[in-house]
Structure formats: C-alpha cells, structure tokens
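Here the structure is laid out as structure tokens; the discussion comes afterwards.
Derivation of every value follows stated rules applied to the coordinates shown; laboratory data play no part. As the structure is a computational prediction, the values presented were derived from the model and not from experiment. Reconstructed Cβ throughout: ideal geometry from the backbone, glycine too, with neighbour counts over all protein chains shown.
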Amino acid sequence: MNNYKKKLFLNFAILVVFILYFYLLNHLFFNLGREKFIEIYKYISISIVFVTIIIFEIAYKNESGIITIYGLEFFLLSINTIISITMISKLNVSFEKYISVSCLCYIIYYIFKFIINYTINKREYVKSLSDIKEIVNTEPLKKEAQKRNN
C-alpha cells in the first residue's frame with residue numbers, strides 16, 4: 001500500500017507540474033509580445049525535448065517500465081508544445097483555448113490513470129487478504145489407470 005501512495009503522489013505531482021506549465025505558457029503569452037513569446041517558446045520546446053530524452057535514458061539505464069511511461073507522457077507534452085503554434089494557426093483558434101484544451105486533456109488522462117491504478121491496487125490488496133490459495137491445493141490430481149474386470 002505504501003508503494004501505491006508513492007505512485008499516487010508522484011502522478012499527482014506530475015499533473016500539478018503540467019498544469020503549472022500550461023498556466024505559465026498562458027501567462028507568458030498574454031504578458032509578452034508575440035515575437036518575444038515565440039522566441040521564448042522555442043527555447044521551452046527544446047528544453048522539454050531534452051528533459052524527455054533524459055527521462056528515456058534513465059528508463060533505459062534502469063530498465064524501468066514505469067519511468068518509460070513518464071517519459072512517454074513528457075514526450076507527448078513535448079510534441080504538443082512543438083506543434084501548438086502551427087496547430088493554432090491551422091485550426092484558427094486562440095492560444096488560450098488551445099492551451100486550456102491541452103490542459104484539460106492531461107487532467108482527464110490523469111483522472112483515468114488514478115482510477116485504473118486505484119482499481120489495480122485494490123484488487124491486489126484484496127487478493128493479499130485472501131488465503132484461499134494456501135488452502136486449495138493447486139497440484140493436479142493424479143488418477144491411476146484401473147483395469148476393468150469383465
């Protein structure tokens with residue numbers, strides 16, 4: 001159960017970081033000029049790509065699937081960051097709406113992730129309480145062949 005709480009806290013912390021990231025982007029967009037924002041945005045995009053690469057390298061070194069999932073989440077964030085300026089002009093939407101929808105997608109993803117992790121953890125906890133496996137013999141019954149008397 002303690003491991004579950006660590007995972008839950010880490011996922012919640014990552015969600016808060018993502019929400020703060022989108023808030024920061026929205027704040028920078030409205031407080032800076034368009035040219036200055038796009039220049040800073042390019043640096044932010046490259047920084048997120050480097051963070052993603054570092055996370056994947058750590059996952060590869062430790063052979064950890066959980067860290068790989070976090071790397072994929074940051075990879076999707078970096079893709080979203082890189083294509084956002086182009087998507088805003090192609091879709092003809094405001095930057096604020098695009099960032100709000102992106103943030104909402106991450107929130108929905110993490111809500112589903114919390115629900116799935118809770119369900120899996122609850123099943124494992126209930127299975128650990130049951131002692132049926134110890135009681136039931138899992139070895140197959142060996143039947144001996146009997147000769148029929150006719």
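Quick rundown of the values:
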read-out	value
Principal axis dimensions, largest first and in whole angstrom, of the chain by Cα	99, 32, 26
Cα long-axis angle, helix 2-31 against the chain (0 to 90 degrees, to the nearest 10)	20 degrees
Segment 65-125: proportion of alpha-carbon pairs further apart than 15 angstrom, %	63 percent
Likely footprinting exposure, TYR41, TYR23, fewest C-beta neighbours within 10 Å first	TYR23, TYR41
Calculated from backbone phi, Karplus (6.51, -1.76, 1.60) coupling profile of segment 104-117 in Hz, x at Gly/Pro	4, 4, 5, 5, 5, 4, 5, 4, 5, 5, 4, 5, 5, 4
Within a Gaussian network of the chain (alpha carbon springs, distance under 10 Å), most fluctuating of SER47, SER128, SER78	SER128
